[in-house]
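Remarks on the structure that follows.
What follows is calculated from the coordinates using simple rules that are stated; it is not laboratory data. A quick note: this is a predicted structure, and the numbers were derived from the prediction, not measured. For neighbour counting, all protein chains shown are included, and Cβ atoms are generated from backbone atoms with ideal geometry for every residue, glycine included.
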């Protein structure tokens, strides 16, 4: 896969990103049982002292032809929950299930700075290395990647020149709502938009989701803008894997800049480049 230079990507002094997820989906580790996850926790417990059970994620594989439709086989092993291992400051979460490994950075307070992509992916690489060692020590085959995933979640407050969904075009020009006294329909109550874009060389897709919601901690109405790149590299080597993540990051950053209004970028998010 072609790896574009990561220089001169847009940067922001006050970006609206509140969560970044790096992940890999792989063929299920059928030998993984609940006690094994306790062994894994022992290796990271000093930094991730809290754990939580949540529902497992369903497989989600990007397909480009019918030949890939049988990529995933149905497992006869009883299901396991997805386990969250939560960092002491709660800004980091490691997620593990039989067929996935993910690492989240999340903003827990208004003062938490976004640590930037290089640091987020470095954390993911380090913890994936711990997981690889755990898999090897359990005498399982190395994980066989089926798909990679990079997600950026952004929260845009409905305020400051964007007081209602009728002004959504002030932030996302492609979603402008035509205003006028002669309109029959009122301002939308809800916005829910999903579109996808092909990555170069069929390396995956960039999915963009826009919807209005309420921030739980502050009960503040917001526009959620989520960009997710899912796909795969030219081969399953780790070197190609990290190249894929770099390209996915570029598409997310440039896609965000392409979708959002330049004046909003400058005034609200303090775009620097």
### Message
Quick check: the angle from helix 117-137's long axis to the longest principal axis of the chain, C-alpha only, nearest 10 degrees?
### Response
20 degrees
### Query
Distance in nm between label sites at residue 267 and residue 193, each 7 Å beyond Cα in the beta-carbon direction?
1.9 nm
### Message
Considering all projection directions equally, how large on average is the shadow of the alpha-carbon convex hull of region 84-172, in square nanometres?
### Response
8.3 nm²
### Query
When the helix-only estimate is applied to the chain (DSSP H runs of n ≥ 4, each -39,500 (n - 2.57), divided by the residue count), what is the mean residue ellipticity at 222 nm, nearest 500 deg cm²/dmol?
-7500 deg cm²/dmol
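Let's test the formula: R0 of 25 Å, r as the Cβ-Cβ distance of residue 137 and residue 91. What FRET efficiency results, to the nearest 0.05?
Details: r = 28 Å, r/R0 = 1.12.
Taking R0 as 25 Å, the efficiency between residue 137 and residue 91 is 0.35.
Can you give the direction-averaged projected area of the convex hull of the alpha-carbon atoms in region 167-273, in nm²?
Details: hull surface 38.2 nm².
Approximately 9.6 nm², given one-decimal rounding.
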#### Entry: Over 30 Å [Cα-Cα, the chain], rounded percent
36 percent
## Note on the structure
Note: residue 209 to residue 50 extended length (0.36 nm per residue) minus current alpha-carbon separation gives 54.2 nm
### Summary
Mean-square fluctuation maximum in Gaussian network of the chain, Cα pairs under 10 Å, restricted to 160, 23, 169, hits 160
